[in-house]
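Notes to accompany the following structure.
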Amino acid sequence: MPKMPARGGARTLNDIRPGGRVRIRRHHSEGAVRQRLLDLGLMPNVVVTVVRSAPLNDPIELKLEASNITLRRREAITIEVTSEESES
Amino acid sequence: MSKRDGVLVALAGQQNAGKSTLFNVLTGARQHVANYPGVTVDKKHGQYGDDVGTVYTVDLPGTYSLTSFSLEERVAREFLLGDRPDVTVNVVDASNLRRSLHLTLQILEMELPSVLALNMMDVAEGRGIEIDQAQLAQRLQVPVVATVGRKGQGREALRQAIRGESARQAETPKPPPAPVDYGQLEPAIAQVQQRLAPVKAIADLPQRWLALELLEGDTQAVSILVERLGETAARPVREAVGALIDAFEQRQGIEISDYVVGCRDRAIERLLKGVVKGADAGRTTLTERVDRVVLNRWLAPGFLLLTVFAIYQVSIVWGYELTTYTWPFLAKGRELIAGVLPTADFLVDPYLRSLGLWLVDSANTLLNYVPIFLGVFACIAIVEDSGYMARIAFILDKILHRFGLHGQSTLPLILGGVFAGGCAVPGVMATKGIPDNRARMATIFTVPFMNCLAKVPLYTLLLGIFFVEHKSLMMFYISTMTIIFALLVAKLLTKTVLSGQETSPFVMELPHYHLPTFNGVARRALERTWQYIKKVGTVVLAVAVVVFVLLHFPGLPDERKAHFAQEAEAAIERFEQALAENPYRDLATGANLVPLVNYYTDYKRAKLTASGAAGSQRVTERFKERNAAFYPLVKRGGDRDARQAARALRKLAHERRALRKQMREERITHSVLGAIGRSMEPVTQFAGFDWKINIALLSSFAARESSVATLGVLFQQDDDENASLEERMGEATRESGATALLAVSMILFFALYPPCLATTIMVKVQTGSYKWMAFAIIFPTLLGLGVASAVYSIGNAVGATGIEAMSAVYWGAFVLLLIVGLLSDRKASRLLRQRFSPG
């Protein structure tokens, strides 16, 4: 599991390698994209695991509490994350 | 809908919650599909009866929530608000309650009397999840029913709960109390509610819900307000709401919609505390273990290819084999109808006979595909139900997205027939699931480029005539060029005419694997096949009649008719002379002559189609029974006189056939369709198409199947002939100087040719616009004609053979595809690097 820097150097879901577990900090997307992400359970403070990326590297698959979600890297890059331990 | 007897029930639920399956369980077979007014979303409704009366059920589109961001959500919400169903059945995935309840809370906030259906209970139990249903019902204050839609479990309990809830509602029409406490937002909600309360124009709407939506800045809620109150009266309300939003967001430092989602999530957490046990997120599920292999970076493409190959093998290859068993039934049907229709005259058939047989032949050509369709649709239902379809989208999205399509374009393209065999009608229908509008439109316009089942016969025909040596190479080109063309065209369209269309993100769930049930698969396969047959029954037969009329009128000029009559007389006279001394003379001439010739041709055809010695024997028996006196004249052997008479009869039949053929050719040349075909020659000559081919291509717009049927008629065989169309067309086209290059030109045109009539109608339904429908016809016509003309003219100029021209086109398109793909990839990764820097 990759080590996360404690503070600063904001990371996005796009930076997380398969196997990494992170906590969602906030969304930088708007409107329909943001709504969709929230609807599927990608809410701030939720812990997600990056499961794998597709054979051509994009999209990626995430594991949430009870479901698996796939999204493109262009959406993943709008989701800011922090290390699993830090609770906002 | 305000006055109705019976109860109106709406089924609402998130995608992958098994809502449609439960709908089928609830209503049984009595259901219809219509459209919601003005939009392209399916409205499935059905009904059932219980002890009290009729219950009308509507299956709302699957939605994750009830905002106004997506079309499905708007449609679902409008229905719930406008039609106010007596009971809303909220179908939730019991194994994923936490996420599912977000929608439940929104439904309850709309003050809709509800029943909660805990579906997929078996999956939840399999994962060791225990749900205290009584406790959940108590906390939510709605009835809770456990169901397993796939196994049909829980139907009666659900029906009773629906009836109970509607009865309770009739007695004390009071919604359950507000399910969520919005904390810091509550004062703002109360203020907006206070402003709204005295307004009569919105008295029928749930006030708290409307206040909340307005505060969330929901565009549809705002437009409802403006619509009901009028622009001027709504303005002060909107301004007040705006001020409240600003104040809240400044104070809390969070957007209201995010805050609302957070409150709901906490409410759900409280609701589920002590209700759900054993939801162990850390456990590795079977799905995860399967995906480790199936979605493995290196193995995934292999599994995908294997799946597509299996689909192809089962549906196309085995399907074709199956048609050899089903075809005899269709042929028998034709024989039966031919026997009922008025009998053939010596030279001209009565219209009723020729039209009747024409229709039977058209229908048979299409019905012949039914086994293949059943196979294709069953395979696809299995892939969909198992959950693998979403994985296909996951694997292929990168490539498809690069060309302006979407991972979910895969299903429509497979249905359309990526490799060989499919149908554009269900393909275009299946684009409905694509959430990205621009990619959806691009998919709609490229699905018709796939190799639909009806294109295959023409390809087979042309390959059989012109590419006997290169058949497998040509087959490879044809079955893979579809996707090359489709990707290039999709890219072209998204960069040009579709560039203004709305796009949306690729964010979707990878559902857990399920074992498909036999009933579910069979039901879907039959449903889709039935759609296809309905198309045969209506559009194609109607068009067959039109083509028949266009081919038969105005008919031959009188002096040519007289000429043929004279020729026929002469032939009959020669026959009579040959039999002058023969004891069979009386039997074979006069009133008996036409029945005898018909008997002969029927006998020959029956012998040819009979299978094996036993079948041949049966034919003999049948014809002996039909007319024992005629029989000695048609069978082999017999006494000397009979042999002589048989020889004369054979000669007469041959002459009759030649005359009929000549007449038909002249009739078609003189016909309306012939005139249309000839009038197009100045344009189509560059592609090498003469009027006969023009006619075939014209009629193929009505239904692709018709192209081969029409070619079959243009190169028609006589009743007793059984040469294959390949032989006949090969003979006729080689006579007229046709080359393999022309065949390539035809194949390319046919690959790019506009969708058939039924598909264009489906394009209208799916795009909701006649403008796009017209585009779906005109664009491919120009493209097809352009490509075919270029290939034929250039190929002729440089003296290329057919296979050379085809190879050049194929590899040229392939290289172009690589260039476009690589360019857009570099651009995309540059954009991704630039676009966003958080923090």
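The values are calculated or read from the model by the stated rules, or taken from the named source; none is laboratory data. From a predicted model like this one, the values you see are computed outputs, not experimental measurements. We place every Cβ from the backbone using ideal geometry, glycine too, and count neighbours over all the protein chains shown.
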When every residue in the stretch B:57-80 that is out of contact with any helix residue (DSSP H, G or I) (no Cβ under 9 Å at 6 or more places or on another chain) and touching a residue at least 40 places away in the same chain (Cβ under 8 Å) is compared, the one surrounded by the most Cβ atoms within 10 Å (Cβ to Cβ) is B:ALA76
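Yes or no: B:GLN644 surrounded by fewer than 16 Cβ atoms within 10 Å (Cβ to Cβ), assigned by TED's automatic domain parsing to the domain that holds B:LYS604 and at pLDDT below 85? Lay out the reasoning, then the answer.
On the way: surrounded by fewer than 16 Cβ atoms within 10 Å (Cβ to Cβ): no; assigned by TED's automatic domain parsing to the domain that holds B:LYS604: yes; at pLDDT below 85: yes.
Spelling it out, it is not the case that B:GLN644 is surrounded by fewer than 16 Cβ atoms within 10 Å (Cβ to Cβ), assigned by TED's automatic domain parsing to the domain that holds B:LYS604 and at pLDDT below 85.
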Residues in the stretch B:507-534 that are within 14 Å of chain A (Cβ to nearest Cβ) and free of Cβ contacts under 8 Å to residues at least 60 places away in the same chain total 1
Exercise for review: Can you confirm whether the stretch B:400-408 contains a residue that is free of Cβ contacts under 8 Å to residues at least 60 places away in the same chain and under 24 Å from B:THR781 (Cβ atoms)?
Suggested key: no
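Sort through B:VAL115, B:VAL192, B:VAL142 and tell me the only one that's part of a loop (DSSP other than H, G, I, E, B), crowded, with 19+ Cβ neighbours inside 10 Å and touching a Leu at 6+ places or on another chain (Cβ under 8 Å).
Working: B:VAL115 fails: part of a loop (DSSP other than H, G, I, E, B); B:VAL192 fails: part of a loop (DSSP other than H, G, I, E, B).
Selected residue: B:VAL142, the only one of B:VAL115, B:VAL192, B:VAL142 that is part of a loop (DSSP other than H, G, I, E, B), crowded, with 19+ Cβ neighbours inside 10 Å and touching a Leu at 6+ places or on another chain (Cβ under 8 Å).
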The one condition A:LEU62 fails out of (1) under 21 Å from B:ALA390 (Cβ atoms); (2) not in a strand (DSSP E or B) is (2)
Inspect all residues belonging to the stretch A:49-58 and state whether any of them is surrounded by 21 or more Cβ atoms within 10 Å (Cβ to Cβ), under 22 Å from B:PHE394 (Cα atoms) and touching a helix residue (DSSP H, G or I) at 6+ places or on another chain (Cβ under 6 Å). yes
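Which of the residues spanning the stretch A:30-69 are hydroxyl-bearing (Ser, Thr, Tyr) and over 15 Å from A:ARG11 (Cα atoms)?
Scanning the stretch A:30-69 gives A:SER53, A:SER67.
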Per the filter on the stretch A:56-88, residues in contact with an Asp or Glu (Cβ under 7 Å, 6 or more places away or on another chain) and in contact (Cβ under 8 Å) with a residue 40 or more places away in the chain are A:ARG73
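If you take the residues of the stretch B:555-608 that are of a type in the set (Gly, Ala, Ser) and touching a helix residue (DSSP H, G or I) at 6+ places or on another chain (Cβ under 7 Å), which of them is farthest from B:LYS635 (Cα to Cα)? Working first, answer last.
Initially, the stretch B:555-608 is screened for residues of a type in the set (Gly, Ala, Ser), giving B:555, B:562, B:565, B:568, B:570-571, B:578, B:580, B:588, B:590-591, B:606.
Retained after the next criterion (residues that are touching a helix residue (DSSP H, G or I) at 6+ places or on another chain (Cβ under 7 Å)): B:555, B:568, B:571, B:578, B:588, B:606.
Values: B:GLY555: 37, B:ALA568: 25, B:ALA571: 22, B:ALA578: 19, B:ALA588: 15, B:ALA606: 13 Å.
Filtering first and then ranking leaves B:GLY555.
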Scanning the stretch A:65-88 for residues that are of a type in the set (S, T, N, Q) and assigned to a strand (DSSP E or B), the one farthest from the other protein chains (Cβ to nearest Cβ) turns out to be A:SER83
Notebook entry, point to check: Quick one: would you say B:LYS827 is without any contact (Cβ under 8 Å) to a residue 60 or more places away in the chain and within 14 Å of chain A (Cβ to nearest Cβ)?
Noted result: yes
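Rundown of residues vs (1) of a type in the set (Val, Ile, Thr); (2) within 21 Å of B:ASP83 (Cα to Cα); (3) free of Cβ contacts under 8 Å to residues at least 60 places away in the same chain; (4) in the same structural domain as B:PRO113 (by TED's automatic domain parsing), yes/no style:
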| position | (1), (2), (3), (4) |
| --- | --- |
| B:LEU158 | no, no, no, yes |
| B:ILE189 | yes, no, yes, no |
| B:LYS200 | no, yes, yes, no |
| B:ASP246 | no, no, yes, no |
Check: Is it the case that B:GLU469 is farther than 21 Å from A:ASP58 by Cα, more than 14 Å from every other protein chain (Cβ to nearest Cβ), surrounded by fewer than 19 Cβ atoms within 10 Å (Cβ to Cβ) and among the charged types (D, E, K, R)?
Finding: yes
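Being within 14 Å of chain A (Cβ to nearest Cβ), part of a helix (DSSP H, G or I) and over 29 Å from the mean Cα position of the chain (by Cα) is the requirement here; does B:GLU288 meet it?
Working: within 14 Å of chain A (Cβ to nearest Cβ): yes; part of a helix (DSSP H, G or I): yes; over 29 Å from the mean Cα position of the chain (by Cα): yes.
For B:GLU288, the condition - within 14 Å of chain A (Cβ to nearest Cβ), part of a helix (DSSP H, G or I) and over 29 Å from the mean Cα position of the chain (by Cα) - is met.
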Conditions (1) more than 23 Å from B:LEU66 (Cβ to Cβ); (2) modelled with pLDDT of 85 or more; (3) of a type in the set (Gly, Ala, Ser) -> A:SER67 fails only (1)
Within the stretch B:496-539, residues farther than 30 Å from A:LEU40 by Cα, over 23 Å from the mean Cα position of the chain (by Cα) and surrounded by 13 or more Cβ atoms within 10 Å (Cβ to Cβ) come out as B:VAL497
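Are any residues in the stretch B:580-617 β-branched (Val, Ile, Thr) and part of a helix (DSSP H, G or I), and if so, which ones? I'd like the intermediate steps shown before the answer.
Taking the stretch B:580-617 first, the residues β-branched (Val, Ile, Thr) are B:589, B:594, B:597, B:601, B:609.
Scanning the stretch B:580-617 gives B:VAL594, B:VAL597, B:THR601, B:THR609.
Looking only at residues in the stretch B:556-606 that are among the aromatic types (Phe, Trp, Tyr) and within 24 Å of B:GLY339 (Cβ to Cβ), which one is surrounded by the fewest Cβ atoms within 10 Å (Cβ to Cβ)? Even if it seems obvious, please write down each step before you answer.
Applying the first criterion (among the aromatic types (Phe, Trp, Tyr)) to the stretch B:556-606 yields B:564, B:575, B:584, B:599-600, B:603.
Narrowing the set further to residues that are within 24 Å of B:GLY339 (Cβ to Cβ) leaves B:599-600, B:603.
Details: B:TYR599: 20, B:TYR600: 22, B:TYR603: 22.
Residue satisfying both the conditions and the ranking: B:TYR599.
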Quiz item: Quick check: is even one residue across the stretch B:417-425 in a loop (DSSP other than H, G, I, E, B), surrounded by fewer than 24 Cβ atoms within 10 Å (Cβ to Cβ) and among the small types (Gly, Ala, Ser)?
Solution: yes
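So which of B:GLY62, B:GLY128 ends up being on the phi > 0 side of the Ramachandran plot and within 14 Å of another protein chain (Cβ to nearest Cβ)?
Details: B:GLY62 fails: on the phi > 0 side of the Ramachandran plot.
Step by step, each of B:GLY62, B:GLY128 is checked, and only B:GLY128 is on the phi > 0 side of the Ramachandran plot and within 14 Å of another protein chain (Cβ to nearest Cβ).
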Checked against (1) surrounded by 12 or more Cβ atoms within 10 Å (Cβ to Cβ); (2) in a helix (DSSP H, G or I), B:ASP246 satisfies every condition except (1)
Selection from the stretch B:81-98 of residues more than 13 Å from chain A (Cβ to nearest Cβ), outside any loop (DSSP other than H, G, I, E, B) and surrounded by fewer than 21 Cβ atoms within 10 Å (Cβ to Cβ) yields B:LEU81, B:GLY82, B:ASP83
From the option list B:TYR312, B:TYR259, single residue qualifying as touching an Asp or Glu at 6+ places or on another chain (Cβ under 9 Å) and assigned to a helix (DSSP H, G or I) is B:TYR259
